[in-house]
Amino acid sequence: MNVGESAMAFTSKQRNLFPEGLSSFPSEYTKSSLGATSSTQSYCTAPASSTGSIISASIAIATRKRKPRYRDHGRVSTWIEGMRAASPPRVAILKTATCSGARKVLPDTQYNEWVAKHPSALATFESMMEAAKGKQMVLFLDYDGTLSPIVEDPDQAYMSEAMRAAVKEVAMNIPTAIISGRGRDKVYEFVQLAEIFYAGSHGMDIMGPAEACNGLKADGLKSKDEKGNEVVFFQPATEFLVMIDEVYKTLEHKTKNIVGAKVEHNKFCVSVHFRRVEEKNWQLLAEEVEFVIKQYPKLHVTQGRKVLEVRPTIHWDKGKAVEFLLKAFGLANPHNLLPVYIGDDQTDEDAFSVLNKEHIGYGILVSSAAKATGAAYSLKSPSEVMEFLHCLVRWRSKF
Ligand SMILES: [Mg+2]
């Protein structure tokens with residue numbers, strides 16, 4: 001069965017079945033537990049999107065080149081430094097490791113020292129899987145930089161057919177979820193597999209099959225797709241939808257004159273991409289984000305690889321999404337559980353932290369350069385991720 005014939009392909013109509021409302025699922029994920037206050041709703045009418053503010057912002061863009069808008073550039077400077085840190089010099093590389101353990105000695109001393117602390121998940125695959133015997137493995141995957149290459153235009157971050165086949169195959173053997181900062185619909189457009197869970201907007205918009213592989217059922221609000229297949233969903237930040245839409249429109253307007261800037265609406269969060277912006281204009285773009293976000297105290301900014309992301313200030317991130325999905329699958333006993341999380345981004349560190357805190361599973365960072373991480377293991381590139389998925393399928397077929 002090819003992608004188009006997937007038994008439960010979500011059409012655009014079906015994927016938009018749940019634009020509103022979630023109040024009762026599951027009980028432990030209440031508004032208070034998510035950190036949203038009773039006053040949150042009032043910010044849906046925050047003043048930043050008025051026509052007047054947009055016009056004045058355009059004037060400000062024209063004048064700010066001579067005089068900085070802010071006295072305190074601390075946060076903007078931190079963001080810019082983060083952008084530069086996300087552009088490490090390319091490592092002279094590197095032959096691909098395999099799960100048989102073969103691996104070339106690399107010429108980059110710093111990277112070698114880092115890999116000694118965060119071993120290749122391919123080179124150490126057999127020993128990693130020793131701990132997995134008899135346990136329920138659940139696989140969590142980031143998308144950009146993990147299943148697809150990092151590209152200049154985020155709309156062009158396609159995954160290869162080979163990667164799609166690898167994800168599909170592993171999902172037929174191991175319950176699999178993709179957790180991304182992007183909107184869920186966008187991730188689905190890229191991946192196009194109905195067998196897996198999609199957690200868009202950093203896990204604030206979760207949807208997937210009511211029954212994953214191996215008969216594993218997910219507990220959640222249920223509905224039907226147009227083919228009658230049962231799906232479950234969870235949206236912990238629905239009340240922020242109006243505010244996020246407002247911020248998206250304001251940011252898009254304010255940044256339209258910055259060449260290369262791209263503002264992406266991810267439903268429950270907004271991404272501002274710096275990748276195609278000349279470095280000399282990074283400060284200007286970061287200032288625009290800072291200016292807008294200061295008007296929304298219920299939103300905050302996180303930083304990824306050459307991207308700033310505006311998100312609701314609720315106690316929810318990729319780590320919380322991992323915890324939620326494990327509970328939804330009824331996998332509360334850590335002794336029988338082995339979650340594996342693969343990601344390349346700073347926002348994936350929240351998921352690594354959850355695994356470390358619970359002393360369960362494996363965090364795997366995708367990186368070809370040494371960087372600080374809570375992940376115990378590493379892979380160099382999406383192509384090594386694909387090889388790792390193949391290894392998982394071969395390993396799983398033995399049991
Ligand atoms: Mg990523």
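The condition of being polar (S, T, N, Q) and surrounded by 17 or more Cβ atoms within 10 Å (Cβ to Cβ) holds for Ser378. When Leu389 is tested against (1) in a helix (DSSP H, G or I); (2) free of Cβ contacts under 8 Å to residues at least 24 places away in the same chain; (3) of a type outside the set (S, T, N, Q), just one condition goes unmet, and that condition is (2).
The condition of being more than 16 Å from the ligand (Cβ to nearest atom), within 22 Å of Glu152 (Cα to Cα) and under 15 Å from the mean Cα position of the chain (by Cα) holds for only one of Lys306, Lys267, that being Lys267.
Has the range 189-207 got any residue that is within 16 Å of the ligand (Cβ to nearest atom) and over 24 Å from Val232 (Cα atoms)? Among the residues of the range 189-207, not one is within 16 Å of the ligand (Cβ to nearest atom) and over 24 Å from Val232 (Cα atoms), which makes the answer no. Taking the numbered list (1) in contact with a helix residue (DSSP H, G or I) (Cβ under 8 Å, 6 or more places away or on another chain); (2) more than 25 Å from His300 (Cβ to Cβ) in turn, Ser353 passes all entries but (2).
Search the range 342-369 for residues being in a helix (DSSP H, G or I) and within 12 Å of the ligand (Cβ to nearest atom), and hand back the single one that is surrounded by the fewest Cβ atoms within 10 Å (Cβ to Cβ). It comes out as Gln346. Is it the case that some residue within the range 314-335 is surrounded by fewer than 20 Cβ atoms within 10 Å (Cβ to Cβ), within 15 Å of the ligand (Cβ to nearest atom) and outside any strand (DSSP E or B)? Looking through the range 314-335, none of the residues is surrounded by fewer than 20 Cβ atoms within 10 Å (Cβ to Cβ), within 15 Å of the ligand (Cβ to nearest atom) and outside any strand (DSSP E or B). One residue alone among His390, His359 is modelled with pLDDT of 95 or more, out of contact with any strand residue (DSSP E or B) (no Cβ under 8 Å at 6 or more places or on another chain) and not polar (S, T, N, Q), and that residue is His390. Pairs linking a residue in the range 124-146 that is assigned to a helix (DSSP H, G or I) to a residue that is more than 16 Å from the ligand (Cβ to nearest atom), with Cβ atoms under 6 Å and 6 or more positions apart or on different chains, are Phe125/Cys99; Phe125/Cys391; Met129/Trp395.
Across the range 151-160, the qualifying residues are those that are in contact with a helix residue (DSSP H, G or I) (Cβ under 9 Å, 6 or more places away or on another chain) and part of a loop (DSSP other than H, G, I, E, B), and the one among them that is nearest to the ligand (Cβ to nearest atom) is Ala157.
The values are calculated or read from the model by the stated rules, or taken from the named source; none is laboratory data. As the structure is a prediction and not an experimental result, all values here were calculated from the model. Because the Cβ atoms are built from the backbone with ideal geometry, glycine has one as well, and the counts that use them run over all protein chains shown.
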